[in-house]
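Where a number appears in this text, it was derived from the coordinates with a stated rule and is not lab data. Quantities reported herein were computed from a predicted structural model and do not represent experimental measurements. Positions of Cβ are generated from backbone atoms using ideal geometry, with glycine treated the same way; all protein chains shown enter the neighbour counts.
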Amino acid sequence: MEKMIKNRETKSLLAKLMASENINVEYRENASTAAFDTEGRTLIMPVLKDMTENATDLFLGHEVGHALYTPQGAIKEVVKKGNLFKGLVNIVEDARIEKMIQSKFPGLKKSFYNGYSDLMTSGFFDLDGKDVNEANFVDRINIHFKIGTRAGVEFSDEEMTFVNRIANQRNFDETLKISEELFDYIKDNAEEPEPEFDDDFEFGDSDDDAESNDGEMTSDMPMDSDDDGDSDEDSEGDTSDGSGESEEDGEEEAEENSSSTSGDDSGDAEETKETETTSEGSPSEDGGGHLPKHVKDELTSKTMESFEKALENHIDDSSTPFTYVNIPKVDIDKVLVSLDDVAAELHKGVTNAVNDGYSVDGGIEGHIARNMKDWLKFRSENKSIVSYMAKEFEMRKSADEFKRTRVAKTGVLNPNKLHAYKFSEDLFLRSNVVSDGKNHGFVMFIDWSGSMAPNMANTIDQLMLIAMFCKKVNIPFDVFAFTTAWDRENSDRDSYKFDSRAKGDIVISGQFKLLHLISSTLSTAKFNTSMMHLRWMRNGMSYDSYDSNIVSNNLRLGGTPLNEAICSAFEIVPMFQKKNKVQIVNTIFLTDGQGSRLGGHWNYDNNGNWMRDSASYKSRTVITDPVTKLHYDSRGAGFDGGQAVNLLKALKDRTECRVIGFYIAPMGRSFSREVSWMTNNYEALDKMKKDLKDNAFTILDSDVGYEQFFILSDKSLKVEAGELEIDDKMTKGRMKNAFVKSRKNKIGNKAMLSKFCEFVA
């Protein structure tokens, strides 16, 4: 299975490279043929069995040819003239685009040659034991341009005129013109067979007619993913036989063409069912009125019909179906809770507590004063270590700048060296040229879930240290908390009110919210106020705290919408980068667990209403980025089935940001159980546990979507002042050791800050 998936990924990449654009490549278990949707820019590949490598490359090359050379919306005009004409255009257009794609990529010539040989040998064209020259003109054209001279197809002088024109056509306008003239030529020159019964024979009434002409008349590899189930039988103004196609039907089918390429056809019943009526006066599917059977036979490609039937027999019914879903465009205005709203909610919590009879010393003013005092105390205690880390950061920057420095001659004479002109040619001034470095910023998303409760106070302490550091060294930043607790008393919050949703988009729960906690854009006064608010929330997260009873319900801990937060980062990171004019955005996610699986994708029900569609448990979900057109197979380890891993990869690919993970792991017996989803290597788990014990952190080697993934011990988060303890009885050596130990402890219990400085510098 994994080998098959890898092969599909390779072929998808090949198709994108050949198309010179990020076309969407989808494998569908219900697709009967390869097709390209020229409007939706989606290449649809059926899941086939017993297919050679050359045949597979042939299908890809053919459809990429349509992607490059068949105009968008071309099928709309063609379909109006009926199936017979559309089938003829497909054959003529196939000849044009296959010649052009092989000319652009000469390496495909071998694939086309061998691929068509494989298909012919496998009976796809039903030519075994038959004389190809007894076929009608349309079939001989088809075989000649697909198989080549080795098929031995013969043409009359008059027919060769069309063959040469088809071989030399240059654009789609010529294709249409040749097809129209060829249609008329065949229609006018079709020989009527002598009827066996003079009185009783009627055109279009035989069972053979219905059998041979009922059904889809598209190409084996149609230039568009238009599905047309209409029959070839038509009677103008008469719908009793269920055949025919009105102009309105044709237009609607063409317009809905791109929607039929969605990867999940559960809501597309109306798009695929056969049209049963025809409007009076509309162009018939015959392409010009009521045609007799012998004319239809001459315009019908039997080799195409055979190809389609053979292809259906090669559909792999046993393959795991794929469900393609899209990364949604999250409406940030609807999920973001602003700094001001967070502040208002904090004040509301205190007011409600007072109204409920809870004693708050000094009221709201006293509460604010206590938390401001707490923040100023925290700042004072950690000022020295923040300054130390800032100095270390500047040293790292200087070292990096030195590596980027080169000495260059200016071309200007150095007067201090003129005296040595007889002995040295080096008489010019020199300058240091420093290549541009990258300026950084960071966006941080913090887990605001119930499981974080034991570590939330310490996590906020670590966050405040990072904010102090970034403020000191002028690194732009924004910090958000992802939660499901906000507005929990609102019964209507699960209504998924996202106006930007589209078919196939992953569903983002209405419970998901982002709390904006702190930002570098704040003035000094507002920054201090926001830091005071963080102390306010931090103290309220401690179960034994005086403030634990006055935290608003909206700010309490909820679920773990990690995947929703990653989806929101697709919008937030580019906005942050543009606003702060930074080159590299370090996107940080801090959590103590995995997020829940995102629940389904948007689709339409049979009445055209939005519905939340959950993929079958037997299907394999493929996440598609609608911007980059890259695919990510979401099957993986973990509670969410690997969704976070692939969303993180997609985030890196689209925004080119650095994605950093901080994972808070419990020490003790539960460690292996909590982190086992990251790796199945028990030796690696033991090493990680030892590193945590010795260094307070460890780095995960296996790929879980992050560029760097730091695992922190829950015990390493506690921020302690670690004051130096010395007395006059201590020797110089003991004083030195005490100083070193104190410094080490100060840095050690600030693991997040230490690692942050390291990778940003």
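Things to note:
- Calculated FRET efficiency, Asn114 to Glu192, Cβ-Cβ distance, R0 = 41 Å: about 0.50 to the nearest 0.05.
- Exposure proxy shown here: for Tyr388, Tyr69, Tyr27, the number of other Cβ atoms within 10 Å sets the order, fewest to most, as Tyr388, Tyr69, Tyr27.
- 3J(HN,Hα) couplings calculated from phi for region 472-479 with the Karplus curve 6.51 cos²θ - 1.76 cosθ + 1.60 (θ = phi - 60°) are, in sequence order, 5, 9, 6, 9, x, 7, 9, 10 Hz; Gly and Pro show x.
- Sorting the segments 110-121, 582-593 by their residues' average number of neighbouring beta-carbon atoms within 10 angstrom, most packed first, yields 582-593, 110-121.
- Taking label positions 7 Å along the Cα-Cβ direction at both Arg597 and Asp361, the computed distance is 5.1 nm, reported to one decimal.
- Under 16 Å from the Asp331 label point (7 Å along Cα→beta-carbon), backbone N, region 499-539: 499-503, 505-514
- Counted by neighbouring Cβ atoms within 10 Å, the residues His294, His66 run from fewest to most as His294, His66.
- Packing, as the average of other Cβ atoms within 10 Å across residues, places the peptides 327-334, 442-449 in the order 442-449, 327-334, highest first.
- Total formal charge among the other residues, if their Cβ is under 14 angstrom from that of Met452, Lys/Arg +1 and Asp/Glu -1: -3
- Karplus-based coupling profile of region 339-354, in residue order and whole Hz: 4, 5, 5, 4, 4, 4, 5, 4, 5, 4, x, 5, 4, 5, 4, 5, with θ = phi - 60° in 6.51 cos²θ - 1.76 cosθ + 1.60 and x standing for Gly or Pro.
- Amide H contacts of Ile588: Val443, Met444, Phe445, Ile660, each under 5 Å away and 5 or more positions distant or on a separate chain (H built 1.01 Å from N in the peptide plane; Pro and chain starts excluded).
- Exposure proxy shown here: for Asp361, Asp613, the number of other Cβ atoms within 10 Å sets the order, fewest to most, as Asp361, Asp613.
- Region 689-713 and region 522-601 have their alpha-carbon centroids 22 Å apart.
- Listed pairs Lys687/Lys718; Lys578/Lys689; Lys99/Lys649; Lys146/Lys177; Lys104/Lys309; Lys80/Lys629 exceeding 29 Å between Cα atoms: Lys578/Lys689; Lys99/Lys649; Lys104/Lys309; Lys80/Lys629
- Leu48 long-range amide H proximity, modeled H, under 5 Å: Asp316
- A simple packing score, the average count of other Cβ atoms within 10 Å per residue, orders the peptides 594-602, 55-63 as 55-63, 594-602, with the highest score first.
- Extension gain (nm, one decimal) between Asp691 and Glu312, 0.36 nm per residue minus Cα-Cα: 130.8 nm
- Remark: spin-label model distance Asn553-Thr679 equals 4.4 nm, labels positioned 7 Å along the Cα→Cβ axis.
- Under Karplus coefficients 6.51, -1.76 and 1.60, residue-wise ³J(HN,Hα) of region 89-98 in Hz, glycine/proline x: 4, 4, 5, 5, 5, 4, 4, 5, 6, 5
- Once backbone amide H atoms are built at 1.01 Å from N, Thr70 has no partners under 5 Å, excluding neighbours fewer than 5 places away on the same chain.
- The modelled label-to-label distance between Lys130 and Asp653, using points 7 Å beyond Cα along the C-beta direction, is 4.3 nm.
- Segment Gln583-Asn474, extension gain: residue separation times 0.36 nm, minus the distance between their alpha carbons: 37.8 nm
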